[in-house]
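I have placed the structure first, in the form of structure tokens, so that the comments after it can refer back to it.
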Amino acid sequence: MWILLIMLVFEIAFAVYCIVTKQNHKKFKNWIRIALFTAFVILTLLSVIVWSFRWIMFACLLFILAVFGTVSLIRNKTNTKQYKTSKVLWKSALAILATVFALTPAIIFPQHKAPKATGEYKVTTAAYTYIDKSRSEEFTDTGKNRFVNVEFWYPKQADESFPLLVFSHGAYGIKASNTSAYTELASHGYVVVSIDHPYHSFYTASDDGTMALINADYNREISNLNKEGIYTKEEMYGLIQKWMKLRTDDMNFVIDTILEKAKSDNTPVYKLINTEKIGVFGHSMGGAASVWLERERDDIGAVVNIDAPFFSELDYKKEMNDFVAKSVPFTTPLLNIYSDDVWDQLNSNSTYTANKLNNEPFKDAYTVHFKGAKHLSLTDLPLFSPILANILQGGKADIDKYYCIETENKLILQFFDYELKGIGPFTPKDTY
């Protein structure tokens, strides 16, 4: 973070200057404070600094310091305070701490260059809250119906219809987790809808402003899933069934709602949808739900599974105390995209027994491996917050984050083009 470096260098250099000259140099520091705030404003107006939530605290700090500096210069009081080295040092330390604190959002969520959409269409978005009157909300005691928040990415000012693509996020994810993919797909002529699964998502906000955070029990279940000795295989199987039912119920409800609205609702996004062409995709648990959903619906034309086990294809055998793969053919076109985190488990973890490359029911599936990628490399999080991504996935991935996400998005686009639009061929490499 170059801004933090500049601020730290200035504070340290100024402190050294004061100590060497044995003066406070208050007037000089006031002018520097005004200059820093002015420079920040100019850089923001020139879009060198792109204004967003990450800069709010830092802008407030610079503004407050500039105001104090301006007032001090206007009053033009003679500085009669005696120079003290200890006072210079603690003031400098306080200024550094305040700067680091104010820049924390920009450090955790650094300004970054988003992958550029390559399609011909300009993309717009729309967000809605759907209420499922057939289901009660199981995570609360209010007796209210289940709500699902969705956001659309779709071509702006288009006169034709486009395939519908439905995305489901991972265990702790949010509907914006793969925004670069939605934007790329929409720019090439798709209506993409991403679902927030309330209480499975890290957070979600409804149309009326209602916030729902991740459910504590669900969070604990996910956290304990891979810990040795917490759950038996039978208990794990029960949890999988519970999670997948909620996910697929949400996805079925969203798809059915959209298909119904496409018949009569004049809202622009619904008028653009070709209801005969539907694809589903998702990351991690969302990928598992997408594969599962194909088993429940006959109107899905293509599926992309991003780094997820085939939960729908598992049976628990009590006599073996383990999972075995079902033998029912999977006939819908399927693209599997794997990071090292999952690739290394395909032959060693029975949760992925159905994902094995020699599994006959999936013999026609496309499978690609991003070598050097970690689980979250297949989302936008390493772009949006490298620090969080590295913490959550246990280290930095050995693959360039832009190469990874841009190549993944290109593959997903080519796959859906081939299967839903007849544009091809689709001939992915085994490894990227």
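The values are calculated or read from the model by the stated rules, or taken from the named source; none is laboratory data. A quick note: this is a predicted structure, and the numbers were derived from the prediction, not measured. Every residue, glycine among them, receives a Cβ derived from its backbone with ideal geometry; neighbour counts consider all protein chains shown. We work out accessible area using only protein heavy atoms, side chains counted, and drop any ligands, DNA or RNA first. Shrake-Rupley method; radii C 1.70, N 1.55, O 1.52, S 1.80 Å.
With respect to the conditions (1) farther than 30 Å from P110 by Cβ; (2) open to solvent by 20 Å² or more (accessible area, probe 1.4 Å), L381 lacks only one, and its number is (1). Within the option set T129, T142, T125, being farther than 17 Å from K410 by Cα, in a loop (DSSP other than H, G, I, E, B) and out of contact with any helix residue (DSSP H, G or I) (no Cβ under 6 Å at 6 or more places or on another chain) holds for one residue only, T142.
Being β-branched (V, I, T) and in a loop (DSSP other than H, G, I, E, B) is the filter; apply it to the range 390-426 and report the residue that is surrounded by the most Cβ atoms within 10 Å (Cβ to Cβ).
Just the residues of the range 390-426 that are β-branched (V, I, T), to begin with: 391, 399, 405, 407, 412, 423.
With in a loop (DSSP other than H, G, I, E, B) added as a condition, the list becomes 399, 423.
On the way: I399: 20, I423: 14.
Among them, the one singled out is I399.
Taking the numbered list (1) in a helix (DSSP H, G or I); (2) over 12 Å from L103 (Cβ atoms); (3) modelled with pLDDT under 90 in turn, F63 passes all entries but (3).
A Cβ distance below 6 Å, combined with a sequence gap of six or more or placement on separate chains, defines the contacts here; from the range 408-432, residues that are within 20 Å of W343 (Cα to Cα) reach residues that are assigned to a loop (DSSP other than H, G, I, E, B) in the pairs L411/P428; T431/K371; Y432/F370. Of the strands (runs of 3 or more DSSP E) lying entirely inside the range 176-285, those containing at least 1 residues that are surrounded by fewer than 14 Cβ atoms within 10 Å (Cβ to Cβ) are 203-205, 211-213, 273-283.
Test N409 against the criterion of being farther than 22 Å from S312 by Cβ and polar (S, T, N, Q), and give yes or no. Give the derivation first.
Working: farther than 22 Å from S312 by Cβ: yes; polar (S, T, N, Q): yes.
So N409 passes the test.
Of the numbered criteria (1) in a helix (DSSP H, G or I); (2) farther than 26 Å from S385 by Cα, the one T44 fails is (2). Residue count for the range 1-41, restricted to those that are part of a loop (DSSP other than H, G, I, E, B) and under 19 Å from C60 (Cβ atoms): 1.
Across the range 349-384, the number of residues qualifying as part of a loop (DSSP other than H, G, I, E, B), among the hydroxyl-bearing types (S, T, Y) and closer than 26 Å to E228 by Cα comes to 0.
Run I387 past the list (1) open to solvent by less than 60 Å² (accessible area, probe 1.4 Å); (2) more than 27 Å from Q241 (Cα to Cα) and report the number of the one that doesn't hold. Only one criterion is unmet by I387, namely (1).
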